[in-house]
Amino acid sequence: MVVKEIAREAGSRTKIAAISTQEGVDPVGSLVGQKGVRVQAVMNELGEERIDIISYSEDPARFIASALSPAKEVVVRLQEGEDKLAKVQVPSMQLSLAIGKGGQNVRLAAKITGYKIDIEGAGEGTHEAKEVVPQAPQAAVDTSSAPTDKKTKKKGKPTEVVAEEVVKTDKTESQSEEQSDQISG
């Protein structure tokens, strides 16, 4: 496993993006552990700070969709350039999950991906939009041997990814979050 990026709001929540160096090994499941024991041990040491482990992707649209978990069915449109803007649509029922309590989820997603994220509910006007500008992402651990995902589109054309096909490993993460919610009361 290689931890590629980390975004943290100390005492509250951390997002960790990881990738496997071995084909067929799920990075999220490996770090969460069986029944969430690995991540739960770390959470206990940090004073019950929530930890989200997500799959890293070299494709920014897939990475942003993954970073916005636990929201599902996320549609990401990238506008490459100096600003690194991602316009994100989620179903209205998933909007609160994508934004998070006090905007924390989208703030951490922006920080870990390095993109300014403009998020709104699908079928809604921009009145529900939440825009977050990332702070400098933290350095990763050992990025030299990680495989790359060559599906990124360039040349300023919008890239669209539907998270339903991207965030399949979040089931393990969601289960561990539910378990940790049950454990912590």
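Side notes on the structure shown:
- Shape of region 9-81, Cα gyration tensor, a/c cut at 1.5: oblate
- Ile53 long-range amide H proximity, modeled H, under 5 Å: Ile16
- Estimated distance in nm for a label pair at Lys101 and Asp83, the labels positioned 7 Å out from Cα along Cα-to-Cβ: 3.2
- Over 19 Å between alpha carbons, listed pairs Lys35/Lys72; Lys15/Lys72; Lys15/Lys101; Lys87/Lys116: Lys35/Lys72
- Of Met43, Met93, the sequence from fewest to most neighbouring Cβ atoms within 10 angstrom is Met93, Met43.
Every number here is computed from the coordinates shown, using simple stated rules; none is lab data. Since the structure is predicted, the reported quantities are computational estimates derived from the model, not experimental observations. Glycine also receives a Cβ, built like all others from the backbone with ideal geometry; neighbour counts cover every protein chain displayed.
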